[in-house]
Each structure stands twice: as C-alpha cells, then as structure tokens.
Amino acid sequence: MRKVVKFGGSSLASAEQFKKVGHIIHADEERKFVVPSAPGKRDADDTKVTDMLYECYDLAEAGKDFKEQLRAIRARYQEIIDGLALQLSLENEFKTIEKNFKEKSGSDYAASRGEYLNGIIMAAYLGFEFVDAAEVIRFNENGEFDAETTNKLMRERLTHMEAAVIPGFYGAKEDGTVKTFSRGGSDITGSIVARAVKADVYENWTDVSGFLVADPRIIYKPEPISTITYKELRELAYMGASVLHEDAIFPVRREGIPINIRNTNAPEDEGTWIVESTCQKPKYVITGIAGKKGFCAVNIEKDSMNSEVGFGRKVLQVFEDSGISFEHVPSGIDTMTIFVHQDEFMHKEQKVVSGIHRLADPDTIEIEADLALIAVVGRGMKSMRGTAGRIFSALAHSNVNVKMIDQGSSELNIIIGVANADFETAIKAIYDIFVLYQL
C-alpha cells in the first residue's frame, strides 16, 4: 500500500511542527511520498514565508535593495534547520535566489522558493530523496497545466524511488520558466503525485480535523463530516468551503483515489474521507452548508419570453460581452433572473442594462443588490422527501425572506438566495433543522 502525504504551511511553520510531521510520516511505513508547503505563520502576528518572498521580490523588481528581506527569509529557514539539529546549509540556494531576483526571474519563481527550500529541509530530515517539482510538473507555453505530460514525467521519475519529497505549489514550462498554481496549489501537487504513483490514499494534513457541516465562525462547534463525495465537495468548495483547493480532486478522481483530510496537531482524529462514491448513508440528510455574500440579481421581465427563441442567449450575450460571469439563472414564463458578483457588476451595470434593452427588448429590468447565496448540499437529499419544504419552514420561522431557490437536476444541492443581512441567520436556521434537532 502506498500513501502520498501533503502537509500545509501551518504544519511546517517551525522546527516543532516539523518534528510532529516527521513522527506522523515515520509512524506509518506506507507514507512514501511527501509534498510540503512553504512555512506558514508560527502565530497570529507572524508572516507566511510566501508573503515574505513576494515582498522581497517586489523590491527587487523595483530595483531597490532587498538584502534585508532576504536575510529575514533565510533566518526563518535557519531557525528550522537549527531546531532539527540538521547538518544542512542553504547558502548556495540563497545565492542562486539572490542572483535570480536581481535578474528579475518573475514573481512565480520568487513565490515557489518557499516550497522548494522547505522540500530540501524535509528531504534531509526524513532521509528521503528530493525531487524538484520544476522537473516533473509541466505547464504549456500559455501557462496552462499539462496534466498528461506531467503524469508521464512524474511516473517515470518516481517509479523506482522508495520514498521522495516533492515540493508543492509549482512546476515549470518546457523552457524551465517556473510557474505556480493558484494559492493553495500544494493540494494540487499532492493529488498529481498520488495519481502518478497510483497511490492507495492521498492524505492531506492541515490544521483542522477535516470538513465541518457549516462554518465554525457562524455555527458554534459544528458537526464534522466523516465522508463526502467529490461532487458534494465541489459544490461546497465553490460556495466558500476552503479546507482543500477545489481543483485538487481532479487528478485523483481519474484514478479513484480517496483523499483523507487529517489534522497534524491531532493525528489520532480520523478526519474527513473524500471519495468518488459510497454506500455509506450520511449521518444527516444534508452533508454540508456553505455560502457567500456580495451578489446582486438582475431581474428581467418580458411577456411570453419563454416562447421567444433565443431570448436567453441574447441576454447572456450581453454579460459575456461585458466580461461578467454569472452564478445562477432561475427563470419563469415571463421572468429571468441573473445572479452575478456585485463587485464585478456594479461598475458595468448601466452598460449591461442598455445592452439587454438593445438586444432583447425586455419590458422592465430591475436590479437588487446586497444578496447572499447559500448552498445546501447532500447526497441524502435524493431519498428524502420534503427537504425543500423543511428549508422554507426553517427560514420562515427565523423571519428570513427567500429571494430565490434553485435545485439542480442531480438533486445534490439546493441554492437559496437571501439578503446579506440574513446570511448568518439563514445558515443557523438550516443547520438547526437538519443537524442540531437530529442529534
């Protein structure tokens, strides 16, 4: 059995955290391949190394002196090395970094050095081989991730290795130019490695014991989620649940590899299992609740619009031409509503309104601002009658006015639109009716 283990920045912020990670890896001989992030915050007032690197490179790019900032970064790593009592020097690596900063090698290169240096330390500490991600993770000339070339390179490199450390977050183009994933991209690297080595499990270690049914900033001590499917996770991640990078599921999903979210500071916790499918019945009708504020609704009315061929295409064409993406488009016989991000829409609203009038000739257009969208997600909703009714009842009891409700054909999720001011109240009401009262 083979396991790929990824550790987040908070898990590797200090020598003490490194020791926890080392104990976790050596406690299970099946943990063969390790993907580290850059050191995160040691405390609330600390700065992540990635942010320190960005700041340092900004000075270099502006032609200013950056040696003091680079010394501070070097000191962070030296503190870890000394705390682990390693006979390791990063002097040559920092000379190379300084040279490349002066030559303005790019912010992606700068940010990637956090994981690169942490990977060198991790490999030395564990006694594993070090594999530079720039050599095995490929982006094309347009900066897009090349999954198949990467899988081939990664598999060839790791096939005959007993154990290895591969830094997260970055790769490179064919010409060697370093390219990073978006923030949280080390999750993606772990998934890529798991696919390449055909791992049995991809363990993603962080500072929480898996996913929770709702946001703990809104719900006091929400219930944990023991098992969640890829599809459920996608729905929740899209609406703001952020324990795992939402793109991290794609490489492992192709191979049917489960992901186990674990807590470095509580390794005895089982965490959350993310799987393709399962016969296990969920503990509650719903799996999770997530949402976002800051939407507005563009309500369009026109008599008999449902019988006018191409009406919806004309309306959406205006949004596309204005560079605005939409979230949901509930419609009726004479009405159509487009939900969009308010901060993206507000500066173009009159252009959009005039464009819709010109192309679609509606009777009226009204804009409603300061709305929130809440996703209620759960594979258990398919087999349970009256789920939407229970949601409406709970919200009505809490005096929350529902602006919109939209259920996908998969019956996996229900999207509810409410006023921003009712966002927290609505989530509490839904959590109570499906979870608290079922305990």
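Side notes on the structure shown:
- For region 201-211, the condition holds for no residue, the condition being that it is β-branched (Val, Ile, Thr) and more than 29 Å from Ile286 (Cα to Cα).
- Of the strands (runs of 3 or more DSSP E) lying entirely inside region 360-439, the ones with 2 or more residues being farther than 28 Å from Ile228 by Cα and either in contact with a Gly (Cβ under 7 Å, 6 or more places away or on another chain) or modelled with pLDDT of 95 or more (or both) are found at 364-377.
- Condition check for Asn142: assigned to a loop (DSSP other than H, G, I, E, B) and either of a type outside the set (Gly, Ala, Ser) or within 15 Å of Ser191 (Cα to Cα) (or both): yes
- Residues located in region 252-273, provided they are open to solvent by less than 70 Å² (accessible area, probe 1.4 Å), in contact (Cβ under 8 Å) with a residue 24 or more places away in the chain and in a loop (DSSP other than H, G, I, E, B): Ile257, Pro258, Thr264, Ala266, Pro267, Asp269, Gly271
- Meets criteria (on the phi > 0 side of the Ramachandran plot and either small (Gly, Ala, Ser) or in contact with a helix residue (DSSP H, G or I) (Cβ under 6 Å, 6 or more places away or on another chain) (or both)) for Gly114: no
- Members of region 41-92 that are of a type in the set (A, V, I, L, M, F, W, C), in contact (Cβ under 8 Å) with a residue 24 or more places away in the chain and assigned to a helix (DSSP H, G or I): Val49, Met52, Leu53, Cys56, Ala60, Leu70, Ile73, Ile80, Ile81
- Checked against the criterion of being more than 28 Å from Ser182 (Cα to Cα), surrounded by 20 or more Cβ atoms within 10 Å (Cβ to Cβ) and touching a residue at least 40 places away in the same chain (Cβ under 8 Å), the candidates Ile286, Ile249 yield just one match: Ile286.
- In region 102-115, the residues that are part of a helix (DSSP H, G or I) and either surrounded by fewer than 22 Cβ atoms within 10 Å (Cβ to Cβ) or touching a strand residue (DSSP E or B) at 6+ places or on another chain (Cβ under 7 Å) (or both): Lys102, Ser107, Asp108, Tyr109, Ala111, Ser112, Glu115
- The set of residues in region 313-329 that are open to solvent by 30 Å² or more (accessible area, probe 1.4 Å) and not in a strand (DSSP E or B) comprises Arg313, Lys314, Leu316, Gln317, Glu320, Asp321, Gly323, Ser325, Val329.
- Region 32-53: number of residues that are surrounded by 20 or more Cβ atoms within 10 Å (Cβ to Cβ) and either within 21 Å of Glu268 (Cβ to Cβ) or polar (S, T, N, Q) (or both): 3
- Scoring Glu276 on the criteria (1) open to solvent by less than 30 Å² (accessible area, probe 1.4 Å); (2) in contact with a Lys or Arg (Cβ under 7 Å, 6 or more places away or on another chain) leaves a single failure, condition (1).
- Selection within region 3-27 - surrounded by 14 or more Cβ atoms within 10 Å (Cβ to Cβ) and of a type in the set (D, E, K, R): Lys3, Lys6, Lys20
- Ile249 passes every criterion in (1) outside any loop (DSSP other than H, G, I, E, B); (2) over 26 Å from Ile416 (Cβ atoms) apart from (2).
- Residues that are over 20 Å from Gly184 (Cα atoms), surrounded by fewer than 19 Cβ atoms within 10 Å (Cβ to Cβ) and among the aromatic types (Phe, Trp, Tyr), drawn from region 54-94: Phe94
- Tally of residues being over 22 Å from Asp422 (Cβ atoms) and either surrounded by fewer than 20 Cβ atoms within 10 Å (Cβ to Cβ) or aromatic (Phe, Trp, Tyr) (or both) across region 289-301: 1
- Selection count, region 121-133, where residues are assigned to a helix (DSSP H, G or I) and in contact with a helix residue (DSSP H, G or I) (Cβ under 7 Å, 6 or more places away or on another chain): 4
The values are calculated or read from the model by the stated rules, or taken from the named source; none is laboratory data. Note that the structure is a prediction, hence the values are computed from the model and not measured. Note: ideal-geometry Cβ built from the backbone for every residue, glycine included; neighbour counts use all protein chains shown. Side chains included, ligands, DNA and RNA excluded: accessible areas come from the protein's heavy atoms. Shrake-Rupley method; radii C 1.70, N 1.55, O 1.52, S 1.80 Å.
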